[in-house]
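Asker: Take a look at this one; I'll ask things after.
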Amino acid sequence: MWEGRKEKVRDSVFLPYIQSQRAVRDERWKLIAYPEISYLQLFDLEADPGERTNLISRAEHAEHVQRLLKLMQQWQAKVGDTVVVPTESKVPEKIDLTGRKRIPDQWQPAWIVKKYFDAESAPGN
């Protein structure tokens with residue numbers, strides 16, 4: 001690549017994050033898996049570079065899901081990753097935080113505390 005003889009090093013990349021997330025992407029598609037909650041996301045990076053529309057439940061993209069799941073398994077085998085990735089996506093449970101007091105942590109900048117938290121919940125108060 002440095003010398004201009006190759007345009008790219010690989011056709012896909014595998015992105016593990018601790019035990020909670022796995023992703024694989026090629027030039028156009030990205031599949032993200034959350035093993036702990038059996039949730040999947042699929043993004044068309046050409047049409048949606050900001051990854052705003054999850055296409056996982058759209059039947060017309062099932063072949064991309066299966067292809068990327070297989071690619072993820074191949075990457076896992078290659079690098080020795082043993083995290084079990086879900087093959088189907090479940091809708092995550094809704095968590096109702098209504099009425100729960102939010103408390104900022106000590107690292108929140110003052111403007112965040114002022115904008116999103118009550119003044120009395122600021123660290124040191």
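The values are calculated or read from the model by the stated rules, or taken from the named source; none is laboratory data. Not measured: the values here are computed from a predicted model. All Cβ positions, glycine included, derive from the backbone under ideal geometry; neighbour counts span all protein chains shown.
Asker: Could we say that Val65 is among the hydrophobic types (A, V, I, L, M, F, W, C) and outside the structural domain of Ser20 (by TED's automatic domain parsing) here?
Answerer: When the stated conditions are applied, Val65 does not pass them.
Asker: A further question on this structure: Across segment 16-52, which residue is nearest to Gln74 (Cα to Cα) among those that are aliphatic (A, V, I, L, M) and in contact with a Phe, Trp or Tyr (Cβ under 9 Å, 6 or more places away or on another chain)?
Answerer: Per the stated criteria, the residue is Val24.
Asker: Enumerate the pairs (first residue in segment 90-103 and under 15 Å from Tyr116 (Cα atoms); second residue anywhere and among the small types (Gly, Ala, Ser)) with beta-carbon separation below 8 Å, excluding pairs fewer than 6 apart on the same chain, so at least 6 apart or on different chains.
Answerer: Hits for this filter: Lys101/Ser121; Arg102/Ser121; Ile103/Ser121.
Asker: Out of segment 90-125, which residues are surrounded by 10 or more Cβ atoms within 10 Å (Cβ to Cβ) and modelled with pLDDT under 80?
Answerer: Passing the criteria: Asp118, Ser121, Ala122, Pro123.
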